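The structure appears below as structure tokens.
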Amino acid sequence: VQLQASGGGLVQAGDSLRLSCAASERTFSRYVMAWFRQAPGKEREFVAGVTRSGGSTLYADSVKGRFTISRDNAKNSVYLQMNSLKPEDTAVYYCAAQAQYDSVSRSSREYDVWGQGTQVTVSS
């Protein structure tokens with residue numbers, strides 16, 4: 001599967017953005033999907049993940065209550081709705097996928113398919 005992330009941009013603190021990640025295969029529903037982010041000089045970190053059916057989600061503490069991950073298996077897509085953005089949310093956001101098991105891992109090593117990343121910049 002190939003992943004194509006989009007929706008990033010430059011916004012002000014408190015604004016919202018919606019990221020999208022489109023998959024190339026109809027077997028999209030077999031994949032657990034996740035969003036990670038990487039800020040300059042920092043390690044890539046887990047943001048949110050969703051199981052195959054969308055029935056279970058997991059969030060990083062830093063985004064809980066502000067971000068929402070969802071998926072539409074009919075459209076082979078996963079989304080990240082980001083509200084109340086903060087300058088510390090500035091990073092390149094990546095979508096990732098794994099089909100080995102149906103639960104969300106916070107470890108980037110568990111994901112074997114990655115999109116190209118989309119830049120999110122939040123100004124204060």
Give the ranking of V50, V113 by solvent-accessible surface, highest area first, calculated with a 1.4 Å probe.
-> V113, V50
Using 7 Å Cα-to-Cβ label points, what is the R18/S108 separation (nm, one decimal)?
-> 2.8
For the chain, the percent of accessible surface on carbon and sulfur atoms (probe 1.4 angstrom, ligands and nucleic acids excluded) is 42
Using a 1.4 angstrom probe on the protein heavy atoms only, line up T118, T57 by accessible area, largest first.
-> T57, T118
Could you work out how far apart the two model spin labels at S70 and E43 are, taking each label as a point 7 Å from the Cα in the direction of the beta carbon, and quote it in nm?
-> 3.3
Between T121 and V1, what is the FRET efficiency for a Förster distance of 35 Å, r being their Cβ-Cβ separation, to the nearest 0.05?
-> 0.80
Whole-number accessible area per residue in Å² for the chain, which is evaluated in the context of all protein chains at 1.4 Å = 51
Quote the accessible area belonging to K42 in square angstrom, nearest 10, computed with a 1.4 Å probe and with ligands, DNA and RNA left uncounted.
-> 140
Any chymotrypsin sites (Phe, Trp or Tyr not before Pro) in segment 43-124 that lie in a DSSP loop and have at most 14 other Cβ atoms within 10 Å would be Y101
Lysines whose Cα lies under 25 Å from that of K42, excluding same-chain neighbours fewer than 8 positions away = K64, K86
Computed over the chain, the relative contact order (Cα-Cα under 8 Å, seq sep at least six) in percent reads 37
Cα coordinate range in segment 15-85, projected on the principal axes (Å, largest first) = 35, 24, 20
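The values are calculated or read from the model by the stated rules, or taken from the named source; none is laboratory data. From a predicted model like this one, the values you see are computed outputs, not experimental measurements. All Cβ positions, glycine included, derive from the backbone under ideal geometry; neighbour counts span all protein chains shown. Side chains are part of the model used for accessible areas, which takes the heavy atoms of the whole protein and leaves out ligands, DNA and RNA. Shrake-Rupley method; radii C 1.70, N 1.55, O 1.52, S 1.80 Å.
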